[in-house]
Amino acid sequence: MNKAVLIANPVSGNGKAKKAAEVSASILKEKQFEVSIEYTEYAGHATLLSKKFSNEFDIIIAVGGDGTVNEVATGLVDSQSILGIIPTGSGNGLARHLKIPMNTVKAAECIAQKKLIPLDAPTINGKYFFCTAGVGFDAHISHVFAKMDGRGLKNYIKAILKEYGSYISAHYQLHLDGKDAGKKQAFVMTVGNAAQYGNEAFIAPSAKVGDQQLEITMLPAPNLLRGLSWGIRLFLKSIDKDASVSTFSGKNIIINSTEKSVNGHRDGEPDTWEYPLVFNVKEQIKVIGNSDN
C-alpha cells in the first residue's frame, strides 16, 4: 500500500485548501492509499513537515499554490519521497506546467496514477525555487500584489495596469556558466525552471523542469505597443519569438548590479536578495504529473 500525506494551509483560500485535502484523501483511500492530512500553522511550516514526513511516507502532497508547493518541495531535497500536487492557488504555475488538472478530484486521480517526472531544484542565493524566480517589473508586482486584498488573476492585472507606467528599468551584469554575457538594461529578468508564471502566462516557453538548465527571459524597457504585444504573446507561448526579447540558457547564472539589494520573486512569492544573485541547478526530486517535462 502506498503511504501519502497531504500538507495544507487550513485557512488558505477561505478553507479551499483544507476542503481539497479532505476530498483528495477520500479519493486516494479509495485507490488503496494509506493517507494522512497535516495542516500548517505558520510560514515555512510546510518545509519542516515535508522534511519530517519524508522518512515515513512515499508521497508528500502539497495542497495549495506555488508558495505551498515550494515549501513542501524544499523539504524533499535529498530524500527519496515523491512530490504530489493538488493545486488550489491563484496561479499554479508548476502544476499547470506538469499538466496536473486544476480540478481537485482529477488531480487526486493523477496522483494515484503515479507518473513520475524528474524536477530540478534550482536555487537563488541558496533558496530553492521550482517554477520561476527573477527581478524587475514582475518582481515589483509580486511585492505589490502581496499587499492587496484578495488574490487571483483580476487583482494581478489590476496591479500591473497601476504600476506599469511608473516602473523604471534597471541595469544588470550577466554571467552564464562562467562567461561574461555583458551588461543588460531590463524591464524584466526572469529565470525559468518551469515555463510559466501561472494562469497559462508563459514567460519561458522552452523551459523543461528536468533538464538541469535554466532559461532566462529578458524584456527591455517597453513602450505601450510593445507592452501590449508582450501581454498577448505570454498567453500564446511566443514571448521568446518577439524581436525585442532576449533569451539565454545556463546551469549557473550570476546577475550583478551596482545596487546592494533588490526585490525579487520566487515561485510567485515576494523576496529580497543581496547582490550578486547566484542561480544554480544541481539537485533533483521526483514529482507526479502528466507532462513529458
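May I have the extent of the alpha carbons of the range 2-114 along their three principal axes, as whole Å values ordered from largest to smallest?
29, 29, 24
Using alpha carbons only, how many angstrom separate the centre of the range 75-116 from the centre of the range 138-162?
Cα centroid to Cα centroid, the span is 25 Å.
Where in the range 115-206 are there trypsin sites (Lys or Arg not before Pro) that are in a DSSP coil and have at most 13 other Cβ atoms within 10 angstrom of their Cβ?
On the way: sites: Lys115, Lys127, Lys147, Arg151, Lys154, Lys158, Lys162, Lys179, Lys183, Lys184; in loops: Lys115, Lys147, Arg151.
Counting only loop positions with at most 13 other Cβ atoms within 10 Å, the trypsin sites (Lys or Arg not before Pro) in the range 115-206 are Lys147.
Compactness ratio of the range 75-141: Cα Rg over 2.2 N^0.38 Å, N = residue count?
1.27
Rounded to the nearest 500 deg cm²/dmol, what is the calculated helix-only ellipticity per residue at 222 nm for the chain, with -39500 (n - 2.57) per DSSP H run of length n ≥ 4?
Rounded to the nearest 500, it is -8500 deg cm²/dmol.
Against the 2.2 N^0.38 Å scaling, with N counting residues, where does the range 127-281 land? I'd like the Cα-based Rg ratio to two decimal places.
Values: Rg = 14.4 Å, N = 155, 2.2 N^0.38 = 15.0 Å.
Against the compact-globule rule of thumb, the ratio is 0.96.
Could you run the Debye sum over the Cα atoms of the chain, one equal point scatterer each and no solvent, and tell me log10 of I(q)/I(0) at q = 0.12 Å⁻¹, two decimals?
The Cα Debye sum returns log10 ratios of -0.73.
What's the angle, to the nearest 10 degrees (0 to 90), between helix 153-163's Cα axis and the longest principal axis of the chain?
Once rounded, the angle reads 20 degrees.
Pull up the DSSP beta bridges for the chain and report the antiparallel fraction as a percent, rounded to 5. All intermediate terms of the calculation are to be shown ahead of the outcome.
Working: 52 of 72 bridges.
Here the share of antiparallel DSSP bridges comes out near 70 percent.
No lab work stands behind these numbers, since they all come straight from the coordinates. No experiment lies behind these values; they were computed from the predicted model shown. We place every Cβ from the backbone using ideal geometry, glycine too, and count neighbours over all the protein chains shown.
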